[in-house]
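A short worksheet on the structure shown next.
The values are calculated or read from the model by the stated rules, or taken from the named source; none is laboratory data. All of these numbers come straight from a predicted model, not from anything done at the bench. Cβ placement follows ideal geometry from the backbone for every residue including glycine, while neighbour counts extend to all protein chains displayed. Accessible surface areas use protein heavy atoms only, side chains included; no ligands, DNA or RNA. Shrake-Rupley method; radii C 1.70, N 1.55, O 1.52, S 1.80 Å.
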Amino acid sequence: MVKKRVAIIGAGISGLTGIKSCLEEGLEPTCFERRNDIGGLWNFTKHVEDGCPSIYKSLVSNISKETFCFSDFPMPENFPNFLPNAKYLEYCKLYAEHFQLLKYIKFKNFEANQTTVCQVQKHSDFDSNGQWVVTTENDGEKATTVFDAVTVCSGQYVYPLLPLDSFPDVNKFKGKILHCREYKEPMEFDGKKVLIIGLGNSGADLASELCTKASQKVYLSSKRGVCMFRRLGRDGYPFDLSFITRFQNWIQLTGPPALSRFLYEKYMNDQFDHGFYDIKPECIEMKEPLVNEELPSRILAGLVIMKPGITKFTETSAQFVDGTTVDNLDVVIFATGYEVRFPFMDESVIQADFNEGFLYKNIFPVNLQKPTLFFIGFIQPVGSIAATVEIQNRWAMRLFKVVAAASVKFPSNKEMKEQLVENEKLRMKRFGTAKGNCRRVNYIEYMDDLASNINAKPNIMKLLLTDPVLGLKIIFGTTTPYQYRLTGPGKWAGAREAILTQWDRIEKPLKTRGMKKTIGRSFLSVRYLPSVLPWFICAVILFVAIWIKG
Ligand SMILES: Cc1cc2nc3c(=O)[nH]c(=O)nc-3n(C[C@H](O)[C@H](O)[C@H](O)COP(=O)(O)OP(=O)(O)OC[C@H]3O[C@@H](n4cnc5c(N)ncnc54)[C@H](O)[C@@H]3O)c2cc1C
Ligand SMILES: *[C@@H]1O[C@H](CO)[C@@H](O)[C@H](O)[C@H]1NC(C)=O
Ligand SMILES: *[C@@H]1O[C@H](CO)[C@@H](O)[C@H](O)[C@H]1NC(C)=O
């Protein structure tokens, strides 16, 4: 039988796991990458390239290695817990080599390939065969190929969002204006007076880095504040070890909203009092949290000055809603985020406003008749993007394969649309995001949902009876991606071992003075349990109270 052919656009972490999922399902992948190497965003380049992601030199991952790895390929023991971008890229390369993925990727310079995807169109017989015509180009030369399915892995942090219209008179400003995507290193800002707009991951990183270089004072404007975590969690352990656990997530989802808000706020302020630093968010669920440990100490040192929203610019200054002004500005950096764009896709396939949501399970366009087009990595879970895109790819390729073999009934377009409306209601309740940020999902719930569709979700009740140590680790320990390789298709024999040894890999990179390992920590990795204890006690008290009352 001829293998079904799948085109994958982009060789970042979404594309790499895409290739692997294709192979797992016995499909034939062809990955197009417009650049010359894998890793997408994690490959730091000195210059910004159009249509490619771009990061700053000092970027360090905001989740730790046991969460940020792929589900069947633990990171090398000696890799640090939070990875500088080059180290994460190294990991991606190890992954690609180990599973021999490189031979399926067409890069820019190899064999004069056409590797920038410039158009993806429905085949003229799409209604019967579901195929796509993919056009690629390089230096003006074009080539077209027909594929049975297309997976879009082109990244969600590529096209800068520069909402200049909402900043009156910004065009009058005589200094330099740039988007954070163009920021690479602090050198060129020596002695400059800098204002950064937007308090997200990038805004916070840039401010804490620049303030030591620029004129010892950087202004950081934030309209709404933010909830910030430090990489160093309780007792200095990586914060996600205790923050991303099934147990905690379960309390958050099932407990009364007031309780989960209270606990979230407690967790947030345990790290440092957000009100004291004047960055307390108006509504804590609204915005994604960010991860940064330097900003609070920079604010304490007066190196970073927090500012509210901006009312207008003049030639040299910015005015803020509280009536204050900052004069003699040299540079304004917009850390205002990104917009999702698919310049190679027809508007009949994707709807104009991405944020309104048109993707079933955040993957498949609801208005499409054939399940042969998938969007991977257009999602914002508070957790590991690597693990999320991996399970998305597994779900998509399984679906493509079984539906192609007509062995499974796929929901109708109407059913999928109804599901979207349901999801939106839930999202409004949880995150309070007006006019949908359809990309926000609850990390564990989302992964579990996709995993249960493809029978890869761990059966925890059963594990508690048959393999209690593993079961307890899965409930109370950090939610490592190996959990999704314990059962079902794509099962990996090393998954159990990987979970049981995760603590060793966390500890190893720190023992660089030849000191002995900390004793007794590895059993359940329970050292960080104390941080979930208040949640637990509150939950019990509240449930009992409600039960007595009702
Ligand atoms: C500043 C910053 C920090 C981040 N830090 C973290 C973090 O710490 N932890 C975390 O989990 N996530 C982080 N992220 C999110 C990050 O986007 C993901 O970790 C991940 O890199 C997304 O991978 P991807 O493969 O989906 O997209 P990308 O890495 O963007 O890869 C897309 C690839 O597609 C290629 N491509 C695009 N269009 C085409 C085309 N038309 N034809 C051919 N090729 C094309 C691009 O060249 C690129 O290689 C961060 C994002 C930013 C912006
Ligand atoms: C990043 O990608 C470029 C090609 O765009 C490649 O030449 C370079 O080697 C890559 N960097 C690393 C560290 O692999
Ligand atoms: C890490 O950074 C990315 C990009 O800014 C963001 O989408 C993600 O939510 C962050 N993760 C956490 C755990 O904050």
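Values computed for the structure shown
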| read-out | value |
| --- | --- |
| Among the candidates Ile13, Ile9, residue that is β-branched (Val, Ile, Thr), crowded, with 24+ Cβ neighbours inside 10 Å and over 15 Å from the mean Cα position of the chain (by Cα) | Ile9 |
| Failed item, numbered, when Val226 is tested on (1) away from ligand 1 (no atom under 16 Å from the Cβ); (2) open to solvent by less than 10 Å² (accessible area, probe 1.4 Å); (3) part of a loop (DSSP other than H, G, I, E, B) | (1) |
| Candidates Ser128, Ser154 - the one that is free of Cβ contacts under 8 Å to residues at least 12 places away in the same chain and of a type outside the set (A, V, I, L, M, F, W, C) | Ser128 |
| Breaking point among (1) open to solvent by 30 Å² or more (accessible area, probe 1.4 Å); (2) touching a Gly at 6+ places or on another chain (Cβ under 9 Å); (3) within 26 Å of Val291 (Cα to Cα), for Val389 | (1) |
| In the range 103-145, residue most open to solvent (accessible area, probe 1.4 Å) [restricted to those that are under 24 Å from Asn367 (Cβ atoms) and of a type in the set (Asp, Glu)] | Asp127 |
| From the options Cys52, Cys92, residue that is within 14 Å of ligand 2 (Cβ to nearest atom), more than 28 Å from Ile444 (Cα to Cα) and open to solvent by less than 10 Å² (accessible area, probe 1.4 Å) | Cys52 |
| Residues of the range 153-173 satisfying the condition of being open to solvent by 20 Å² or more (accessible area, probe 1.4 Å) and away from ligand 1 (no atom under 16 Å from the Cβ) | Pro163, Leu164, Asp165, Ser166, Phe167, Pro168, Asp169, Asn171, Lys172 |
| Residue selected from the range 145-200 under the condition in contact with a Ser or Thr (Cβ under 6 Å, 6 or more places away or on another chain) and aliphatic (A, V, I, L, M), by the criterion farthest from Lys213 (Cα to Cα) | Ala149 |
| Test: Pro509 is at pLDDT 90 or above and in a helix (DSSP H, G or I) | yes |
| Residue check for Ser260: among the polar types (S, T, N, Q) and in contact (Cβ under 8 Å) with a residue 24 or more places away in the chain | no |
| Set Phe79, Phe44: member being open to solvent by less than 20 Å² (accessible area, probe 1.4 Å), assigned to a loop (DSSP other than H, G, I, E, B), more than 10 Å from ligand 1 (Cβ to nearest atom) and in contact with a helix residue (DSSP H, G or I) (Cβ under 9 Å, 6 or more places away or on another chain) | Phe79 |
| Selection within the range 208-256 - at positive phi and not small (Gly, Ala, Ser) | Gln216, Asp235 |
| Hey, Asp72 open to solvent by 10 Å² or more (accessible area, probe 1.4 Å) and touching a residue at least 24 places away in the same chain (Cβ under 8 Å) or not | yes |
| Qualifying residue in the range 335-346 (condition: away from ligand 1 (no atom under 13 Å from the Cβ) and of a type in the set (Val, Ile, Thr)) | no |
| The range 368-402, residues that are part of a loop (DSSP other than H, G, I, E, B) and either small (Gly, Ala, Ser) or within 17 Å of the chain's Cα centre (by Cα) (or both) | Ile376, Gly377, Phe378, Ile379, Val382, Gly383, Ser384 |
| Elements of type helices (runs of 4 or more DSSP H) in the range 405-506, at least 2 residues being farther than 21 Å from Glu66 by Cα | 413-431, 443-453, 460-466 |
| Only one of Lys370, Lys417 that is modelled with pLDDT under 85 and basic (Lys, Arg) | Lys417 |
| Residue list for the range 373-386, filter: open to solvent by less than 10 Å² (accessible area, probe 1.4 Å) and among the β-branched types (Val, Ile, Thr) | Ile376, Ile379 |
| Pairs with Cβ under 6 Å, 6+ apart, first in the range 461-490 and in contact (Cβ under 8 Å) with a residue 12 or more places away in the chain, second among the aromatic types (Phe, Trp, Tyr) and outside any loop (DSSP other than H, G, I, E, B) | Ile475/Phe247; Phe476/Phe247 |
| Residue list for the range 19-39, filter: within 16 Å of ligand 3 (Cβ to nearest atom) and part of a helix (DSSP H, G or I) | none |
| For Thr336: the one exception among (1) under 30 Å from Pro168 (Cα atoms); (2) not in a loop (DSSP other than H, G, I, E, B) | (2) |
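The rows are residues; the columns are (1) open to solvent by less than 20 Å² (accessible area, probe 1.4 Å); (2) within 20 Å of Thr324 (Cα to Cα); (3) within 15 Å of ligand 3 (Cβ to nearest atom).
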| site | (1), (2), (3) |
| --- | --- |
| Gly175 | no, yes, no |
| Tyr183 | yes, no, yes |
| Leu195 | yes, yes, no |
| Val218 | yes, yes, no |
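One line per residue, one yes/no per condition, for (1) hydroxyl-bearing (Ser, Thr, Tyr); (2) away from ligand 1 (no atom under 14 Å from the Cβ); (3) within 20 Å of Asn328 (Cα to Cα):
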residue: His179; (1), (2), (3): no, no, yes
residue: Tyr183; (1), (2), (3): yes, no, no
residue: Pro186; (1), (2), (3): no, yes, yes
residue: Phe189; (1), (2), (3): no, yes, yes
residue: Lys193; (1), (2), (3): no, yes, yes
residue: Ile197; (1), (2), (3): no, yes, yes
residue: Ser202; (1), (2), (3): yes, no, no
residue: Ala207; (1), (2), (3): no, no, yes
residue: Thr212; (1), (2), (3): yes, yes, yes
